[in-house]
């Protein structure tokens, strides 16, 4: 699957729908001319900024999961959320389900974009209702906390406690709004509607989180399991084409998985990078374009493709991600040992000294100066590479 750029027409539709929809809603709610103009200008400015932000995030690959490949997710999610936001002034502010809107928009884009889009819709709802500043900030705080807790899922789908915390926080904010700003006495009456709101948010979140997990997160996880399986078709092509490089990739993967676990990296992505960054050997000629086409032909996850291609196209001294730095160091260690053991199977190797030399060489070549791997990460990688002495003896 090829990356789909954000089409300008989608940005235009988002901006136009937000501006026109806000104007029509403001007129329907009986706002005067100055309020309608103010609302439409605010809607236009906010929606235009959103469309620009979405384009930039997509081009720079800052959207989570594979949302950059499926721009319709946010497009449809935003328009549906816009329709809901324009209708919310019809009900009491305590029952607005904005927490769920924030989370859903974050899941189909990124936490930052989702938080901005949710705030934009909240602003329009408040303007249309003629609400006050406390109502606005009440939902902003709840929305941002919800996005922080639920804006990025993994295949483990551990959302029970985060959902509970987010709902409790929102309920507390709404109750505090009544007590502190409306100066009402704490009673059962002012608690009922916030709890109904929490139930509505809970229902929307359960549906949205499960749908996103099933159709996006687990799909990506399953694809990683397939491409990282030794029996995968491209892996067997690699092995049959160059068995020496294939074995180097297998041993490199062993080391990178140890480091990835210690540094809390995405082990699936690091494994794909360890296995496939020499994949050009299965091609007749070394071509970066052909390499990327091959990975897309086999439907690799987008994160895996970007990581593999970073190593394929890397030149000495260029910026390198933390994952790519780890793979490079581990592969250099394995390649050095393979070279020495091929010359003399019984050679005596001081593994700690070899690791020191590899790090010194990489440092002298400027590889660490532009690496995104932290000093702690470099030190931990060096420590772990020195620790695997029994595994190195296994390579003889």
Checked segment 59-80 for anything crowded, with 22+ Cβ neighbours inside 10 Å and more than 26 Å from residue 222 (Cα to Cα); matches are 78
Log entry, pairs with first residue in segment 287-302 being on the phi > 0 side of the Ramachandran plot, second being modelled with pLDDT under 90 and assigned to a helix (DSSP H, G or I), beta carbons closer than 8 Å, six or more apart or on different chains, reads 299/223
Restrict the check to segment 155-177 and report whether at least one residue is part of a loop (DSSP other than H, G, I, E, B), exposed (fewer than 13 other Cβ atoms within 10 Å of the Cβ) and modelled with pLDDT under 75.
yes
Here the residues within segment 343-371 that are exposed (fewer than 14 other Cβ atoms within 10 Å of the Cβ) and in contact with a strand residue (DSSP E or B) (Cβ under 9 Å, 6 or more places away or on another chain) are 370
Out of (1) surrounded by 13 or more Cβ atoms within 10 Å (Cβ to Cβ); (2) under 34 Å from the mean Cα position of the chain (by Cα); (3) without any contact (Cβ under 8 Å) to a residue 40 or more places away in the chain, what's the single condition that is false for residue 340?
(2)
Hey, can you tell me all the residues within segment 6-36 that are crowded, with 16+ Cβ neighbours inside 10 Å, within 21 Å of residue 72 (Cβ to Cβ) and touching a residue at least 40 places away in the same chain (Cβ under 8 Å)?
6, 10, 11, 13, 14, 17, 18, 21
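The values are calculated or read from the model by the stated rules, or taken from the named source; none is laboratory data. A quick note: this is a predicted structure, and the numbers were derived from the prediction, not measured. All Cβ positions, glycine included, derive from the backbone under ideal geometry; neighbour counts span all protein chains shown.
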